[in-house]
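Visitor: Pasting a structure here, questions to come.
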Amino acid sequence: HVLLSVCIFFEEDDLKTSCTVSLDSLFVLSAETACDEANVETYGTLCSLVMEAGLDSALADPNSVLTLFAPTINAFDRVSDVLSTLLPDQVKTVLLTHILNGKVLSKDLTCTNEVEMINGMNTTTICVGNEYFQVGKGNILAPQIVNPDLQVCNGVIHDMSNVILPYFPEPDAS
């Protein structure tokens, strides 16, 4: 399963020709995949949820350019009580709230601006000093970009300290 395609980097101009897709990986950071056993402690929950939601093949297209705000397993642990109450479609919405079309490096994010994610929902970039946060309308804990600008063939990955949460209205009690 692939989220962002496998890549061997040479030079910026050669990215398209150096990309290959591996069906047994989620995305690649240099030579290892994020879903390798060595990285389960970092991306295990993200990998599982993406595959359960059926998003792995949709995000594998090496011709699409994407930015992924990737929550670590610790980030998912912090919101496990929230995620456990969500329906599968809502979990899919949460995952899609971490992806945007195009390659957006951290230096390209503008403080206090909204960014439209791939599902049409907006998140807001908040800056505190040199720290960048990407916040959804349902966040209480602000998701900080802790490891920015990890280059992959079809985009960029930013490791996140917390999960970006969209706002889900309370169901009508009537």
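The values are calculated or read from the model by the stated rules, or taken from the named source; none is laboratory data. In this text, all values refer to a predicted model and were calculated from it rather than measured experimentally. Neighbour counts are summed over all protein chains in view; Cβ atoms, including those assigned to glycine, are modelled from backbone coordinates with ideal geometry. Keep in mind that these areas ignore ligands, DNA and RNA; they rest on the heavy atoms of the full protein, side chains included. Shrake-Rupley method; radii C 1.70, N 1.55, O 1.52, S 1.80 Å.
Visitor: I'm trying to understand the selection: among the residues of the stretch 129-143, which are in a loop (DSSP other than H, G, I, E, B) and open to solvent by less than 90 Å² (accessible area, probe 1.4 Å)?
Guide: Correct list: GLY129, GLY136, GLY138, ASN139, ALA142, PRO143.
Visitor: Take the residues of the stretch 73-106 that are touching a residue at least 40 places away in the same chain (Cβ under 8 Å) and touching a Gly at 6+ places or on another chain (Cβ under 6 Å): which is most open to solvent (accessible area, probe 1.4 Å)?
Guide: That would be LYS103.
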